[in-house]
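Notes follow the structure.
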Amino acid sequence: MPDSKNFDVAVIGGGIVGVATAMALLEKPGRSVAVIEAEPRLAAHQTGNNSGVIHSGLYYKPGSLKARNCTEGREAMYRFCAEHGLAHERCGKIVVATSQEEIPVLNRLEERGRANGIGGIQRLTPEDIREHEPHVTGVAGLLVPATGIVDYTEVTETFARIVREGGGEIRTSARVTVVRREAGGLVLETGQGLVKARNLVNCAGLQSDRIARLCGVNPGVKIVPFRGEYYELAPEKHSLVRNLVYPVPDPQFPFLGVHFTRMIKGGVEAGPNAVLAFKREGYKKTSFSLRDTFETFTYPGALRLFAKHWRMGLGEFHRSFSKKAFVRALQKLMPEIRMDDLKPGGAGVRAQAIGPDGAPIDDFKIVEAERMIHVLNAPSPAATASISIGQSIAAMAEKNFQLG
Ligand SMILES: Cc1cc2nc3c(=O)[nH]c(=O)nc-3n(C[C@H](O)[C@H](O)[C@H](O)COP(=O)(O)OP(=O)(O)OC[C@H]3O[C@@H](n4cnc5c(N)ncnc54)[C@H](O)[C@@H]3O)c2cc1C
């Protein structure tokens, strides 16, 4: 039996996007909202295993959802952290070209950054690079002062507190397994019983395409998981990195390349790489799910992607299993770094939507259906942009769900 409550909106997924959406929906009083999360705690997947960077918006096509939401969301994130006393730092980052061939891409990044209205971007000479990061070598660079660091688990927990204070409910250990349409609404079968809601928002990250299908909606894309593995700098080597140091990314891929990130809680991470994962929520090299692997390798879009980029894919696998190869990638930025300076760190798995043509979906993808909104691609910088994405979804919901 469903409990007696019939929520205006059930949000599936207690990652940062789901909880930000619930928070935005509750900005108008009188609404009943529940967040339904599969795991015993919030932020258990992408949100709790990411790099903790507040992105500036440098990489995204001007006018795209990513560019707009990142620019707005970044400033909203800084304001939110300041208001709620959450540790954060607008420390800036540098992007470093290590060869002349990378200069055209660096130029394009600089143009994009300016087109996206990011203030304070500066071109760096090799000497300037050394001044900012004494152990980093490059032929040219960009300084991006708008970038910062934060702990997104802490941010999500604070969003959740606001949701509860606004009368919202957060139900954990409640994996949604079935969604049924009934007269006047929806019934969700969860690990904690039935939940009735008039409308739903799917923010299920790595499972978002499956939840769409469960709801009878064709997502038009498949989530292909890419694991990102980190190393940590040994404590006595933390001084090698002052802030954040990024390479020039390969424009063909939606990932940024292994970088050095100072963490808000202390320590420095190096990574993440981007290895095809054989399990959507698998954080170890040995993690394997027959269902997930079968789905990936029978999806024509994934096969097209692998056929086109097999060389890059093999390189990532090599770097995953060979610390030497990983260190070699880092040495391009920091020639003096050595194997012994790094110890294995954690990992995160990215939910990357891939189209049937094999192209990674570059922008955020949000699909509406009757009584439903499905967030089908919310990769980086969705944590940075979460407040803005939540507000956009709440505005969509107001129309689609005819919320008061
Ligand atoms: C390695 C890595 C590094 C990154 N670095 C950055 C960064 O520095 N800055 C940045 O802005 N972004 C970064 N990102 C991206 C960012 O983490 C994600 O864009 C963001 O966390 C997406 O949030 P989400 O809420 O959509 O997904 P998630 O955090 O994955 O949340 C989805 C939730 O849905 C739940 N769920 C799934 N299925 C069900 C179900 N059936 N029933 C109920 N609940 C369900 C899951 O348990 C999960 O908690 C990074 C991502 C990765 C993986």
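The values are calculated or read from the model by the stated rules, or taken from the named source; none is laboratory data. Everything numeric here is computed off the predicted structure, so don't read it as measured data. Cβ coordinates were reconstructed from backbone atoms using ideal geometry, including for glycine residues, and neighbour counts include every protein chain displayed. Please note that ligands, DNA and RNA were not included when accessible areas were found on the heavy atoms of the full protein model with its side chains. Shrake-Rupley method; radii C 1.70, N 1.55, O 1.52, S 1.80 Å.
Brief remarks on what is shown
- Percent accessible area from carbon and sulfur atoms, region 140-238, protein chains only, probe 1.4 Å: 48 percent
- 13 Å tail of the calculated P(r), region 320-390, as % of Cα pairs: 76 percent
- Between 0 and 90 degrees, the angle of helix 386-400 with respect to the longest Cα principal axis of the chain falls at about 30 degrees.
- Net charge over other residues, Cβ less than 12 angstrom from the Cβ of Val268 (K, R count +1; D, E count -1): 0
- Cross-link reach is defined here as a Cα-Cα straight distance under 17 Å, omitting same-chain residues fewer than 8 places apart; for Lys365 the lysines meeting it are Lys61, Lys66, Lys222.
- All other residues whose Cβ lies under 13 angstrom from that of Val139 are scored, Lys and Arg at +1 and Asp and Glu at -1, for a net of -1.
- By a 1.4 Å probe calculation restricted to protein chains, Lys66 has an accessible surface near 10 Å², given to the nearest 10.
- Annotation note: GluC sites (Glu not before Pro) in region 362-404 located in DSSP loop regions with a Cβ neighbour count of at most 16 within 10 Å are Glu370.
- Accessible surface of region 2-41, 1.4 Å probe, proportion on carbon and sulfur as whole %: 53 percent
- Residues of the chain: accessible area per residue with a 1.4 Å probe, Å²: 42 Å²
- With Cα atoms, 0 to 90° folded angle of helix 16-25 axis to the chain main axis: 50 degrees
- The chain: angle of helix 152-165 to the longest principal axis, Cα-based, in degrees nearest 10: 20 degrees
- Nearest-20 debye value, the chain charge dipole, Cβ charges on Lys, Arg, Asp, Glu: 760 debye
- Only lysines eight or more places from Lys5 in sequence, or on another chain, were considered; those with a Cα closer than 21 Å are Lys28, Lys196.
- For region 1-138, pairs of C-alpha atoms spaced more than 23 angstrom apart make up 53 percent of the total.
- Take the Kirkwood radius over Cα pairs of region 152-310, plug it into Stokes-Einstein at 37 °C and 0.692 mPa s, and you get 170 µm²/s for translational diffusion.
- Rounded percent of accessible protein surface that carbon and sulfur make up, region 303-383, 1.4 Å probe: 57 percent
- Accessible area in the full protein assembly, largest first, 1.4 Å probe, for Phe326, Phe288: Phe288, Phe326
- Distance histogram for the chain (every C-alpha pair counted, 10 angstrom bins, percent rounded to whole numbers): 5, 23, 32, 25, 11, 3, 0
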